[in-house]
Amino acid sequence: MNMNDKELLDQIWKDIHEKTMQTSQEIGSQFPTMTKNGKYEFIERYSAWTTGFWPGLLWLLYEDTKYEPYQTIAIECEDKLDEAIEEFYGLGHDIGFIWQLTAIKHYELTGNEVSLKRAIVAASFLASRFNIKGKFLQAWNKNGLNDANPHGLSIIDSMMNLPILMFASAQLKAPRFELIARAHADTVLKEFIREDGSVNHMVEFDPLTGQKIQVHGGQGQSPTSAWSRGTSWALHGMAKFYGLTQEKKYLDAAKKVADFFISQLPQDNVPHWDFRVERTAETPRDTSAGACAACGLIELSRYVDTSDKEYYLNAALKIIVSLYENYSTLKDDEYQGLIKGGTFNHPQGLGIDISLIYGDYYFTEAVMRLRTLQ
Ligand code: GLY
């Protein structure tokens with residue numbers, strides 16, 4: 001990275017802070033999901049998988065800026081999330097997305113004991129979703145696709161939830177959470193990550209025998225296509241999991257998925273929503289996949305030798321610079337999201353070319369991490 005890159009990253013960071021100061025005054029501790037006509041829409045159901053991202057984004061900015069309202073709002077959001085724990089049955093496997101970015105972050109920054117307890121309770125809930133026969137974490141309770149077999153479905157997004165199990169093991173000095181995380185990650189290696197580095201989104205098992213039944217396309221075009229956000233979940237999740245376990249097979253998997261992801265990027269380095277659909281000028285992109293993959297590439301760069309390090313960091317930087325130059329809405333005072341061009345769910349025709357709160361979160365995380373690299 002040269003001086004110009006560093007100056008550009010500082011500028012992007014400043015722009016994100018300025019826009020978020022304004023947006024935080026407008027939306028407070030509501031939970032944004034995606035934009036409609038440039039304004040965030042909110043989710044009322046606190047157990048939804050996206051509720052950690054807005055407070056998570058505020059914590060990222062708070063760490064650097066110490067702008068007090070960010071911390072206040074992030075804590076208000078975290079308090080509200082207790083309702084999801086109390087309600088209990090609404091929660092699926094997305095425990096990590098929710099409490100890693102809120103309670104764990106809060107605990108790490110301030111030592112708040114209530115947050116620690118929340119994280120342990122949430123991790124215990126996730127551990128309870130482990131299927132001992134199939135060695136997988138059950139994704140949801142019921143879902144439109146597969147109501148017939150909700151207990152047999154596992155999805156690649158799960159890789160992003162494993163760090164909360166590792167956190168609970170470390171805090172309680174109790175190996176059981178880590179053993180579950182490792183067993184699930186091994187199932188992901190075996191059943192989700194394909195030979196060429198692309199991944200399956202959803203795998204359905206028999207919940208009683210543990211036998212694999214079939215692969216579903218899920219949010220990708222088909223069971224054999226390559227949903228770009230799912231690929232980014234695998235890349236980022238595997239890289240993090242290697243960091244937590246130091247077990248080489250997870251690093252090898254992260255590299256394989258990263259190499260596939262990079263090989264599929266178009267000229268402007270921002271992924272299409274699925275890497276295996278016909279690509280025309282109209283084919284929607286998914287900027288959230290790009291932002292999440294950039295974070296995964298930065299994480300991966302920490303664990304590889306010098307030439308690979310440069311390769312992965314450079315790929316991450318190119319994605320982020322393109323997102324900033326071609327998709328960011330940072331200079332538009334009327335628009336609340338940070339980057340547009342996100343695709344929520346293409347097969348269902350939902351949320352195309354919008355801002356997604358997780359795209360905004362990972363964009364912010366990637367910029368933060370790139371600008372503070374030594
Ligand atoms: N975790 C759901 C999604 O990526 O849309």
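The values are calculated or read from the model by the stated rules, or taken from the named source; none is laboratory data. None of the values given here were measured: they were computed from a predicted structure. Note: ideal-geometry Cβ built from the backbone for every residue, glycine included; neighbour counts use all protein chains shown. Ligands, DNA and RNA are stripped out before the accessible areas are found, and what is left, the full protein with its side chains, is counted by its heavy atoms. Shrake-Rupley method; radii C 1.70, N 1.55, O 1.52, S 1.80 Å.
Quick notes on this one:
- Net charge, Glu83 excluded, C-beta distance under 14 Å - Lys, Arg +1, Asp, Glu -1: -4
- For segment 175-210, the list of GluC sites (Glu not before Pro) that fall in a loop by DSSP and count at most 11 other C-beta atoms within 10 angstrom reads Glu195.
- Rounded percent of accessible protein surface that carbon and sulfur make up, the chain, 1.4 Å probe: 50
- Magnitude of the charge dipole, the chain, Cβ model with Lys/Arg +1 and Asp/Glu -1, debye to 20: 1080
- Counting charges near Gly337 (Lys, Arg +1; Asp, Glu -1) among other residues having Cβ under 15 Å from its Cβ returns a value of -4.
- Evaluated at q = 0.12, 0.13 Å⁻¹, the base-10 log of the normalised Debye intensity for the chain, with identical point scatterers placed on the Cα atoms, takes the values -0.87, -1.04.
- Based on DSSP H segments of at least four residues, each scored -39500 (n - 2.57), the chain has a per-residue ellipticity at 222 nm of -16500 deg cm²/dmol.
- Within segment 22-60, GluC sites (Glu not before Pro) in DSSP loop having at most 16 other beta-carbon neighbours inside 10 Å: Glu44
- Spread of Cα-to-Cα distances over 10 Å intervals beginning at zero, given as percent, for segment 163-205: 28, 36, 27, 8
- Other residues lying with their Cβ under 15 Å from the Cβ of Arg279 contribute a combined charge of -3, Lys and Arg counting +1, Asp and Glu -1.
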